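The values are calculated or read from the model by the stated rules, or taken from the named source; none is laboratory data. Quick caveat, the model's predicted, so the values are computed rather than measured. Cβ placement follows ideal geometry from the backbone for every residue including glycine, while neighbour counts extend to all protein chains displayed.
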Amino acid sequence: MSALLAANSTLWAANRPPPFPCLIGVETYGRLTCQEAISLLGDYLERILGDRLLAALEAHLADCEPCRAYLKTYRKTRDLTARLGAVDMPPELQSRLRTFLRDRIQRGEI
Ligand SMILES: [Zn+2]
């Protein structure tokens, strides 16, 4: 781990995302950086990583305590939110949202 990432990892709060954006796509399947590893955790928990990427991530996690801690918190957060029941949107809010979206679409804003 680089000195910069080591310094950043000490700043990671358990319930906050890492202080950098996720990468989209990891070109190197060799040694992953912490940034690359963190960007893969969602797919890791969904069990949709390919074999080589999975092996690279697991190798990184084996050597990187901050990323293991982040994974543990990420997994716990997912489990807790999965237990929350879905709440229906009140009809009044549905109607207002529909009108808002229709107006934005008609103006070409979305
Ligand atoms: Zn790491």
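Here are Thr28, Thr73: which of them is among the polar types (S, T, N, Q) and modelled with pLDDT under 90?
The unique qualifying residue is Thr28.
Could you list, in sequence order, all residues of region 41-59 that are part of a helix (DSSP H, G or I), under 20 Å from Lys76 (Cα atoms) and among the charged types (D, E, K, R)?
Asp43, Glu46, Glu58, listed by residue number.
So which pairs qualify, if the first residue must be in region 47-75 and surrounded by 19 or more Cβ atoms within 10 Å (Cβ to Cβ), the second must be of a type in the set (S, T, N, Q), the Cβ gap must be under 9 Å, and the two must be at least 6 apart or on different chains?
Pairs that qualify, where the first residue is surrounded by 19 or more Cβ atoms within 10 Å (Cβ to Cβ) and the partner is of a type in the set (S, T, N, Q), are Ala56/Thr28; His60/Thr33; Cys64/Ser9; Pro66/Asn8; Pro66/Ser9; Pro66/Thr10; Cys67/Ser9; Tyr70/Ser9.
Restricting the search to region 71-110, which residues are polar (S, T, N, Q) and not in a helix (DSSP H, G or I)?
Within region 71-110, no residue meets the criteria.
Every residue, every condition in (1) within 16 Å of the ligand (Cβ to nearest atom); (2) at pLDDT 90 or above; (3) in contact with a helix residue (DSSP H, G or I) (Cβ under 7 Å, 6 or more places away or on another chain), yes or no:
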{"site": "Leu40", "(1), (2), (3)": "yes, yes, yes"}
{"site": "Tyr44", "(1), (2), (3)": "yes, yes, yes"}
{"site": "Arg47", "(1), (2), (3)": "no, yes, no"}
{"site": "Ala56", "(1), (2), (3)": "yes, yes, no"}
{"site": "Leu61", "(1), (2), (3)": "yes, yes, yes"}
{"site": "Glu65", "(1), (2), (3)": "yes, yes, no"}
{"site": "Leu101", "(1), (2), (3)": "no, yes, no"}
{"site": "Gly108", "(1), (2), (3)": "no, no, no"}
